[in-house]
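Single-structure report; data block below.
The values are calculated or read from the model by the stated rules, or taken from the named source; none is laboratory data. Since the model is a prediction, treat every value here as computed from it, not as a measurement. Virtual Cβ from ideal backbone geometry, glycine too; neighbours counted across all protein chains shown. Note: accessible area is taken over every heavy atom of the protein model, side chains too, but ligands, DNA and RNA are not part of it. Shrake-Rupley method; radii C 1.70, N 1.55, O 1.52, S 1.80 Å.
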Amino acid sequence: MDSSSVCLLFLTLCSADAFMEYAVDRCEFNSSDLTDIEYIYSMYYNRKEYIRFSSSLGKYVGYTEYGVKNAERANKDTSELSVRRAQKEAYCKHNIDIDYQTALSKS
């Protein structure tokens, strides 16, 4: 098995007055085993990441003053955290099974 990782990437874009905000959902993995998958949800404003949820940490982390405030708010919201934590299996597992098998069949 190759030690390189594969990444699924999906973007959501919103733009107003030449400023752009977008969210990126991604799954990083080395195998189809759920314990080897990391789900990451990041939000960007003008190409700068300001907040991220990582399934490895199980919480949000802010990278700007605005992001830190939003991370603190989101980390207090148990329903928000539950939804993000569930995305590792709901969002990543299905797609990774398909992509991983495709990659193995081509190697």
Residues of segment 83-107 classified as open to solvent by less than 70 Å² (accessible area, probe 1.4 Å) and of a type in the set (Ser, Thr, Tyr), total: 3
Read through the list (1) touching a Lys or Arg at 6+ places or on another chain (Cβ under 7 Å); (2) exposed (fewer than 11 other Cβ atoms within 10 Å of the Cβ); (3) modelled with pLDDT of 60 or more, then give the number of the only condition that Ser42 fails. (2)
So, restricting to helices (runs of 4 or more DSSP H) that lie completely within segment 52-107, which ones have at least 1 residues that are of a type outside the set (D, E, K, R), farther than 14 Å from Cys27 by Cβ and touching a strand residue (DSSP E or B) at 6+ places or on another chain (Cβ under 7 Å)? 65-76, 78-87
Within segment 91-100, can one find any residue that is within 13 Å of the chain's Cα centre (by Cα) and at positive phi? no
